[in-house]
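Visitor: Can you keep this structure in mind? I'll have questions shortly.
The values are calculated or read from the model by the stated rules, or taken from the named source; none is laboratory data. Since we're looking at a predicted model, the values are computed, not measured. Please note: Cβ atoms are built from the backbone with ideal geometry, for glycine as well, and neighbour counts cover all protein chains shown.
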Amino acid sequence: MSGRERVGISEFRVARAPVVLVTYGLGSCLGIALYDPDSRLGGLAHTLLPRSRPDIVETRQTKFVDRSIHLMVEELLRLGGEKERITARIVGGANMFEPLHGSATVGIGERNAQTARLTLQSLGIELLAEDVGGAHGRTVEFDLASGDVRVRTVSRPASDLVL
């Protein structure tokens, strides 16, 4: 029997199958799913901001995309995962306010997605799929038994996207 574990804002969870990790309300926030299919270990983060800054001491490192990825990888390895097998998927990174205000600058959602891509690349972790951008919120369910990342959005009410 599988359990469901909720991942809140500025948090991540690492678990082993048959757990399903779930996070709600990804707007400009980015959901990052890391998975080792052989050990069926995975992690899901709900991040707010792209990067931590060395000049600011922040007690909650898990709100940053770059730090959350590094911390999840460390935890996966500690629990028996192998770095060469870890893959990633990212979800969210919407620009929730551009339709209202318009913007010529890159929004926080796109910066979150860009930071995730660069951080994963620097660690040698393959990004298998992404569902990012747009102007709609998302909910993510990450099934560690299958490795499927199910994305629900208001804009696709008839069917979920599986990454």
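Visitor: Kindly evaluate R89 against the criterion of being under 10 Å from the mean Cα position of the chain (by Cα), basic (K, R) and either over 22 Å from G134 (Cβ atoms) or in a strand (DSSP E or B) (or both). Before the answer, list the steps.
Guide: Working: under 10 Å from the mean Cα position of the chain (by Cα): yes; basic (K, R): yes; either over 22 Å from G134 (Cβ atoms) or in a strand (DSSP E or B) (or both): yes.
Answer is yes for this residue.
Visitor: Looking only at region 133-145, which residues are in contact with a Lys or Arg (Cβ under 9 Å, 6 or more places away or on another chain) and either assigned to a loop (DSSP other than H, G, I, E, B) or of a type in the set (K, R) (or both)?
Guide: Step one: list which residues in region 133-145 are in contact with a Lys or Arg (Cβ under 9 Å, 6 or more places away or on another chain), which gives 136, 138-145.
Answer for region 133-145, where residues must be in contact with a Lys or Arg (Cβ under 9 Å, 6 or more places away or on another chain) and either assigned to a loop (DSSP other than H, G, I, E, B) or of a type in the set (K, R) (or both): H136, R138, L144, A145.
Visitor: While we're looking at this one, here's another question. In this structure, does L71 turn out to be in a helix (DSSP H, G or I) and in contact with a strand residue (DSSP E or B) (Cβ under 9 Å, 6 or more places away or on another chain)? Walk me through it before giving the result.
Guide: On the way: in a helix (DSSP H, G or I): yes; in contact with a strand residue (DSSP E or B) (Cβ under 9 Å, 6 or more places away or on another chain): yes.
When the stated conditions are applied, L71 passes them.
Visitor: Right, G81: buried (at least 24 other Cβ atoms within 10 Å of the Cβ) and over 20 Å from V140 (Cα atoms) or not?
Guide: Details: buried (at least 24 other Cβ atoms within 10 Å of the Cβ): yes; over 20 Å from V140 (Cα atoms): yes.
Yes: the conditions hold for G81.
Visitor: Of a type in the set (S, T, N, Q), modelled with pLDDT of 95 or more and within 18 Å of V162 (Cα to Cα): is that true of T119 in this structure?
Guide: On the way: of a type in the set (S, T, N, Q): yes; modelled with pLDDT of 95 or more: yes; within 18 Å of V162 (Cα to Cα): no.
Against the criterion (of a type in the set (S, T, N, Q), modelled with pLDDT of 95 or more and within 18 Å of V162 (Cα to Cα)), T119 does not qualify.
Visitor: Which one is nearest to G25 (Cα to Cα), of the residues in region 113-132 that are aliphatic (A, V, I, L, M) and in a helix (DSSP H, G or I)?
Guide: Start the filter on region 113-132 by keeping residues that are aliphatic (A, V, I, L, M), which leaves 113, 116, 118, 120, 123, 125, 127-129, 132.
Those still in the list that are in a helix (DSSP H, G or I) too: 113, 116, 118, 120, 123.
Details: A113: 16, A116: 18, L118: 24, L120: 23, L123: 27 Å.
My answer is A113.
Visitor: For a quick check of your reading of the model, give me the residue pairs whose first member lies in region 34-63 and is closer than 14 Å to I108 by Cα and surrounded by 14 or more Cβ atoms within 10 Å (Cβ to Cβ), whose second is modelled with pLDDT under 95 and β-branched (V, I, T), with beta-carbon atoms closer than 8 Å and at least 6 apart or on different chains.
Guide: T47/T62; L49/I108; P50/I108
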